[in-house]
Structures are given as C-alpha cells and as structure tokens.
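Notes follow the structure.
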Amino acid sequence: MKKIPIQTDYIALGQFLKLTDCISTGGQAKSFLQETEIMINGEPDNRRGRKLVDGDKVQVEGFGQFQVVRKPCS
C-alpha cells in the first residue's frame, strides 16, 4: 500500500487521483470515476468531491491501494 502525504485536513477524491497519477488532469476525474471502481475504506464511492482524511484507505481498480497520510506542516 502506497502512502500519499497531504498537508491539509482533507483532500478531494478528484485531487487525490491526480496525486496518485491515476489521472493526469482534473478534467479526467469525472469520466475516470464513472468507468473505474473505487473503494474507500472498503465501500464503493465515485464522488470526485468526496473528502479523504488522514488514515483513509483508497483502492483504485487497476492502480492499487493507497493510504492518505496527514503530514504536519513545518
């Protein structure tokens, strides 16, 4: 499982997909979410605005498993 660090309290699923290189632009998020199975903490979800927080586990069909990790600001 690859850990994805964020420096904010949450990140939207669409932005998260860009960080993980599942998509290359934010404009691709809508169609990607319609065509690809996404599991968040074991439950299916395809809302690109879904807020992901520290500890959330995201499984993206064809790309693997990721975990959101809150990185403290310096």
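No value in this document is a laboratory result; all are computed from the given coordinates. This structure is a prediction, so every number in the text was calculated from the model and none was measured. Every residue, glycine as well, gets a Cβ built from its backbone with ideal geometry; the counts of neighbours run over all protein chains shown.
Computed over the Cα atoms of the chain, what is the ratio Rg over Rh, Rh following Kirkwood?
On the way: Rg = 11.4 Å, Rh = 12.2 Å.
Taking Rg over the Kirkwood Rh, I get 0.94.
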T20 to D54: extension gain in nm, 0.36 nm per residue of separation minus the Cα-Cα distance? 10.7 nm
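With a 10 Å Cβ neighbour count serving as the proxy for reagent exposure, in which order, fewest first, do D56, D9 appear?
Details: D56 19, D9 9.
The fewest-first ordering by Cβ neighbours comes to D9, D56.
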I want to check a number: in the chain, how many lysine pairs have alpha carbons closer than 15 Å, given a sequence separation of 8 or more or different chains? 8
Dipole check, the chain, charges on Cβ (K,R +1; D,E -1), about Cα centroid: among I6, L33, V58 the Cα furthest to the positive pole belongs to I6
